[in-house]
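Notes follow once the structure below has been shown.
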Amino acid sequence: MSGAGARRAGVGLKLASALVFGFLYFPLLVIVLYAFTTQSSAFTFPPPGFTTRWFSVAFADEDMWRAVRLSLLVAGLSTGVAIVLGGLLAGAVYRARFPGREAVAFIVVLPIALPGIVTGIALRSTLSLAGASFGFWTIVIGHVTFCIVIVYNNVVARLRRLSPNIVEASADLGASGLQTFRYVLLPNLATAILAGAILSFALSFDEIIVTTFTAGQQQTLPIYIFSILFRPRAKPVTNVVALLAIAITFFPIMLAQILTRERAGGTAGR
Amino acid sequence: MGGGVTSTQTPTERSAARIETGPGVAVRFEGVVKRFGDVVAVDGVDLEVREGEFFSMLGPSGSGKTTCLRLIAGFEAPTEGRVFLDGRDVTDLAPYERDVNTVFQDYALFPHMTVEENVEYGLKVKKVPKAERHRRVVEALEMVRLADLGDRKPSQLSGGQRQRVALARALVNRPKVLLLDEPLGALDLKLRQAMQIELKQIQQAVGLTFIYVTHDQEEALTMSDRLAVFNHGKVEQVGTPAEVYERPATAFVAGFVGTSNVLEGEVAERIAGSPAPFTIRPEKIHLAELDAPVRPDECTATGHVREVVYIGALTKYIVSLDGGGELVVFQQNLTTSSMEALQVRGRPVRLVWNRGNNRPVERAQGSEGSEDPEEGDA
């Protein structure tokens with residue numbers, strides 16, 4: 001990357017970059033730090049001492065575990081549905097030529113551009129009209145609306161990079177539809193599907209706006225965190241739970257990044 | 001149309017051959033029509049490709065040549081008519097049930113597989129034993145001179161090398177017919193010319209039937225044993241390169257294969273004594289002085305040089321004829337320099353050529369009258 005001709009960044013640019021990164025990541029650092037503080041409410045800097053007490057408090061909280069379980073379940077199920085529907089949709093939009101194809105492609109992507117609050121209100125009204133009782137399944141329905149988009153976008157982007165003829169080439173060489181899917185399509189799409197799945201899992205896991213409208217009495221982890229924020233004597237517990245949420249979402253997102261990265265040799269010949 | 005192919009057969013022999021397509025015919029089209037919505041891509045094509053020949057389908061884009069190739073491969077199904085492969089009616093068979101392989105225009109190599117895996121693919125899905133698979137892959141890669149690049153990925157190869165992989169991937173299956181869809185289109189001129197020769201050599205070495213789609217008339221003329229010229233979804237002429245070039249059947253063929261002058265009506269009557277359309281190749285015409293003698297077996301016309309294009313070995317003159325019409329004339333630059341050639345611009349000249357080089361042709365547009373969708377029942 002840093003070839004002989006590459007210009008070095010000036011001091012100003014370096015400083016600005018450092019400030020931006022600081023702005024983005026310092027709050028996360030604060031959360032990590034104060035998850036271990038000995039103070040229970042009004043925080044001071046630096047923390048007067050460190051303790052892991054809040055972890056035991058948090059882990060002993062049955063409500064917290066219920067929320068984590070619910071969030072994992074919702075995220076897992078939403079992602080599963082999104083893989084099937086989003087993947088099929090990407091295939092249809094990419095391969096088939098049908099009237100209104102562009103419109104379908106647009107409508108699919110729209111929910112992610114709509115403000116969550118609009119999606120939330122719309123879903124709540126519609127589900128009420130349909131007579132649904134708010135709970136686990138309505139949360140999943142809400143999450144699927146945007147999870148589909150993530151999977152769809154990833155898969156469609158990958159399909160566009162592939163030669164449209166490889167499916168025909170495979171059939172031409174004697175492969176049945178199943179063999180073509182197994183040997184040609186899946187290997188080329190697998191990382192895109194997985195990356196989409198991981199991102200949609202992470203997105204679903206920390207979604208709060210749409211969930212607020214569709215959850216009924218159920219508490220997902222973000223809603224749980226939000227609710228304990230206002231309990232005055234449990235602030236470090238909030239930080240511990242937030243740390244947990246970071247851990248659950250951070251590593252999958254890293255993995256998604258690695259999976260969608262172009263392999264070093266992939267661009268050499270272009 | 002396909003008249004050049006079956007011209008030696010009497011009508012009875014021909015209908016007998018229809019029922020049991022005899023040996024020696026690799027591919028046969030019978031009244032094939034393909035419509036996409038309102039667009040008629042292939043408009044009633046009858047065609048026979050012989051076993052072991054290098055057969056080109058030549059035509060401008062949108063003339064139906066690629067659709068015909070896809071009909072043979074099985075990527076498209078004809079709206080009407082039948083397609084036979086090696087004597088067997090394959091009209092309703094899927095691509096993977098047909099013993100043909102295709103070299104795609106963009107090669108369509110599998111990006112996640114190495115060169116070797118790409119070539120091996122067809123054998124693998126047909127469950128050929130591993131040892132034989134390996135032997136044949138090595139053999140195919142050697143044939144296209146890529147034996148030492150087997151473990152590269154397609155993205156690490158040059159355009160010409162990818163083209164060879166695509167060829168090896170198809171050849172390794174030893175298909176009845178190899179279909180090539182403008183495979184050299186993406187290569188630069190020098191590489192293209194080298195690959196033309198190599199393709200032809202490979203075809204002769206393996207003895208397979210090659211069906212080659214191209215819009216490049218020079219490519220079709222140099223490589224083919226026979227070629228079919230396509231226009232508006234119809235076959236205008238089938239024949240050897242020499243037949244098609246020397247005796248174009250229609251004005252379209254005359255114009256598309258090489259450069260040709262088509263004269264008709266009043267101009268034709270003045271020069272040749274009949275209003276029937278005919279063509280004359282630019283290289284057959286001599287550029288002479290106005291007072292040059294004209295023998296009785298020669299045609300002549302006068303005019304002035306409107307444009308001169310110096311092409312190195314040749315000079316191209318565009319001559320506006322007195323009394324209407326225009327003729328293109330090629331002259332070899334035997335002694336002429338570019339300066340001398342360019343000075344001729346604007347001068348009055350006499351054009352002289354041997355009457356025997358006039359070729360009567362059908363009007364190409366004449367065939368358009370039959371583009372009635374209701375026409376022809378399968």
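Averaged over peptide B:105-111, the number of partner chain Cβ atoms lying within 10 Å of each residue's Cβ comes to 6.
The Stokes-Einstein estimate for chain B, based on a Kirkwood radius over Cα pairs and taken at 4 °C with 1.567 mPa s viscosity, is a diffusion coefficient of 56 µm²/s. Computed from Cα atoms, the angle from the helix A:62-95 axis to the main principal axis of chain A rounds to 20 degrees. Database remark: amide H of residue B:250 closer than 5 angstrom to the amide H of B:362 (H placed geometrically; neighbours at sequence offset of 5 or more, or on other chains; Pro and chain starts carry no H).
Phi angles across segment A:218-228 convert, under the Karplus curve 6.51 cos²θ - 1.76 cosθ + 1.60 with θ = phi - 60°, into 3J(HN,Hα) values of 6, 10, 7, 4, x, 5, 4, 4, 4, 6, 7 Hz, Gly and Pro given as x. Solvent exposure of residue B:256, expressed as accessible area, is near 50 Å², computed with a probe of 1.4 Å over the protein chains only. With θ taken as phi - 60° and the Karplus curve 6.51 cos²θ - 1.76 cosθ + 1.60 applied, the whole-hertz 3J(HN,Hα) list for segment A:178-185 is 5, 5, 4, 5, 5, 9, 10, 6 Hz, x standing for glycine and proline.
Spin-label pair residue B:151-residue B:206: with each label point 7 Å from Cα along the Cα-Cβ axis, the two points sit 2.6 nm from one another.
Just to make sure I understand: if all protein chains stay in place, what is the order of B:298, B:219 by accessible area at 1.4 Å, largest first?
Descending accessible area places them as B:298, B:219.
I'd like to know which of A:78, A:122, A:251 lies farthest towards the positive end of the charge dipole of segment A:62-261, counting +1 on Cβ of Lys and Arg and -1 on Cβ of Asp and Glu. Towards the positive end, the residue furthest out is A:251.
Counting heavy atoms of the protein chains alone, residue B:247 has an accessible area of about 130 Å² for a 1.4 Å probe.
Which whole number gives the average, over all residues in B:93-104, of C-beta atoms from other chains lying within 10 Å of the residue C-beta?
Working: counts 0, 3, 8, 10, 3, 3, 1, 1, 4, 6, 2, 7.
That works out to 4 on average.
Taken across both chains, chains B and A shield about 2100 Å² of accessible surface from a 1.4 Å probe. Entry note, chain A: the mean residue ellipticity at 222 nm calculated from DSSP H runs of n ≥ 4, each adding -39500 (n - 2.57), is -23000 deg cm²/dmol after division by the residues and rounding to the nearest 500. By definition, a body whose alpha carbon gyration tensor gives a ≥ b ≥ c is rounded when a/c is under 1.5, and segment B:19-107 falls into this rounded group. Per-residue shielding of A:180-190, expressed as the average number of other chain Cβ atoms within 10 Å of the residue Cβ, stands at 2.
Mind ranking B:91-104, B:135-148 by how tightly packed they are, going by the mean number of other C-beta atoms within 10 angstrom, highest first?
Result, highest mean first: B:91-104, B:135-148.
Rolled with a 1.4 Å probe across the full set of protein chains, the surface gives residue A:227 an accessible area near 40 Å². Legend: residue pairs B:34/B:127; B:34/B:153; B:124/B:200, Cα-Cα distance threshold 31 Å; pairs beyond threshold, B:34/B:127; B:34/B:153.
With contacts taken as Cα pairs under 8 Å and at least 6 residues apart, segment B:260-360 reaches a relative contact order of 35 percent. Bridge orientation summary for chain B: considering DSSP beta bridges with both residues in this region, about 70 percent are antiparallel.
Close amide H contacts of residue B:285 (hydrogens built in the peptide plane, cut-off under 5 Å, sequence separation of 5 or more or a different chain): B:330. Near residue B:136: Cβ cut-off under 9 Å, other residues only, Lys/Arg at +1 and Asp/Glu at -1. The net charge is 0. For the protein assembly as shown, DSSP calls about 75 percent of its internal beta bridges antiparallel. Computed on protein heavy atoms with a 1.4 Å probe, the accessible areas place B:133, B:88, A:97, B:152 in the order A:97, B:88, B:152, B:133, largest first.
Across B:291, B:89, the residue with the most accessible area heads the list, and the full order at a 1.4 Å probe is B:291, B:89. Give me the aspartates and glutamates in straight-line cross-link reach of residue B:284: C-alpha distance below 13 Å, same-chain residues under 8 apart excluded. Here the aspartates and glutamates satisfying the reach criterion relative to residue B:284 are B:246, B:298. Charge tally for residue A:87 (other residues, Cβ to Cβ under 15 Å; Lys, Arg +1; Asp, Glu -1): +4.
Assuming R0 = 22 Å, can you tell me the calculated FRET efficiency for the pair residue A:23 and residue A:56, based on Cβ-Cβ distance, to the nearest 0.05? Step by step, r from the Cβ atoms, then E = 0.10. Atom-type composition of the exposed protein surface of the protein assembly as shown places 60 percent of the accessible area on carbon and sulfur (1.4 angstrom probe).
Close amide-amide hydrogen proximity is noted between residue B:212 and B:55, B:56, B:57, B:180, each under 5 Å apart and 5 or more residues distant or on a separate chain (H modeled in the peptide plane; Pro and chain starts excluded). Other residues lying with their Cβ under 15 Å from the Cβ of residue B:307 contribute a combined charge of +3, Lys and Arg counting +1, Asp and Glu -1.
The values are calculated or read from the model by the stated rules, or taken from the named source; none is laboratory data. Model, not experiment: these values are computed from the prediction. Cβ sites come from the backbone with ideal geometry, for glycine too, and all protein chains shown count toward neighbours. With ligands, DNA and RNA removed, areas are computed over all heavy atoms of the protein, side chains included. Shrake-Rupley method; radii C 1.70, N 1.55, O 1.52, S 1.80 Å.
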